[in-house]
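Below is one structure. I have some questions about it.
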C-alpha cells in the first residue's frame, strides 16, 4: 500500500515538473505571450532573482573597453563545453574576452521577466532549423539603448517582443558584441531556450543591433 502511494505521489510530481518545463517562457510553444511595452525594457524589476542565483554576480557586468575579437556563431557553437563551473565561480579564460559577430540571424526573442534579460537566439545561417546559441542583453541601465533599439527595429519589421519566447517567421540579420559566458546545464524541466539551442556557451552580457 505504501509503495502504491509513493508511486502515485512520484507520478504527480513528475507531471507537475514536466508541465512546468513545457510552460517555461524560454520554450517556444503554442501559447502567445503578452506584448512588452518599450518602457519596460529600461524599467524592468526582476521577479525571480536572488544574490544566490547561479553566478549572478558575474553575469551582467559592463562590456570590456577593449578591442573585440572577430568570431562567428559557427565558431562558438564548436567550442568545447568544458567542465561545469561552480555556483560562485568567477569568469575565466574566454569568458574574459569581448567578441564581435558581424552577422548572425535572430531566430527567437523574448523578455524574461524573472531576471529582466532580453533573451535572443541566433544562428549562423537563416535556416529555421540551424543550430543556435543564446545571447542575453541584461536589464541594467547601460543596456537600455541597445534593448530599446532592438525593440524599435523589430517593430518596424512587424515583430513585437513579448514575455514568452516566440519564433521569428523570417529570421532577422543582426550584429552582436558581447562577452562569452558558460551557462549551467539546466535540469530537463527548465528550458534554457528552444530545442535548437546547441551549446551552453552564450554571449552574456551583449549588445545586439538589427542590420538593414
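Nothing in this text is a laboratory measurement; each read-out follows from the coordinates by a stated rule. Note that the structure is predicted; figures quoted are calculated from it, not measured. Methodologically, a virtual Cβ is constructed for each residue, glycine included, from the backbone with ideal geometry; neighbour enumeration extends over all protein chains shown.
If you project the alpha carbons of region 124-212 onto the principal axes, what extent comes out on each, in Å, largest first?
If we take the Cα atoms of region 124-212, the spans are 36, 30, 24 Å.
Over the Cα atoms of region 63-188, what radius of gyration and what Dmax do you get, in Å?
For region 63-188, the Cα radius of gyration and maximum Cα-Cα distance read 14.8, 42 Å.
Could you give me D for the chain, from Stokes-Einstein at 20 °C and 1.002 mPa s, where the hydrodynamic radius is the Kirkwood radius over C-alpha pairs? Units µm² s⁻¹, please.
119 µm²/s
Sticking with this structure for a sec: Which whole-number percentage describes the relative contact order of the chain, with Cα contacts under 8 Å and a sequence gap of 6 or more?
Result for the chain is 30 percent.
Order these by the 10 Å Cβ neighbour count, fewest first: 73, 208.
73, 208
Please label the shape of region 170-212 as rounded, prolate or oblate, based on the square roots a ≥ b ≥ c of the eigenvalues of the alpha-carbon gyration tensor (a/c under 1.5 means rounded; beyond that, a/b larger than b/c means prolate, else oblate).
oblate
Want the number for residue 63 to residue 167: 0.36 nm per residue separation, take away the alpha-carbon distance, what's left?
34.7 nm
How much FRET efficiency would the formula 1/(1 + (r/R0)^6) give for residue 34 and residue 70, where r is the Cβ-Cβ distance and R0 is 35 Å, rounded to 0.05?
0.40
Continuing with the same structure: For helix 2-22, what angle does its Cα long axis make with the longest principal axis of the chain, in degrees from 0 to 90 and rounded to 10?
With both axes taken from Cα atoms, the answer is about 20 degrees.
Right, another one. Where in region 173-211 does the amide nitrogen come within less than 17 Å of the point 7 Å from the Cα of residue 81, taken along Cα to Cβ?
181-203
If you don't mind, another one. Of 76, 133, how do they rank once you tally other Cβ atoms within 10 Å and put the fewest first?
Lowest count first: 76, 133.
Right, another one. Could you work out how far helix 144-156 tilts from the main Cα principal axis of the chain, as a 0 to 90 degree angle to the nearest 10?
That helix lies at roughly 90 degrees to the long axis.
Mind giving me the nanometre distance, one decimal, between the label points for residue 125 and residue 157, set 7 Å out from Cα along Cα→Cβ?
According to this spin-label approximation, the distance is 1.9 nm.
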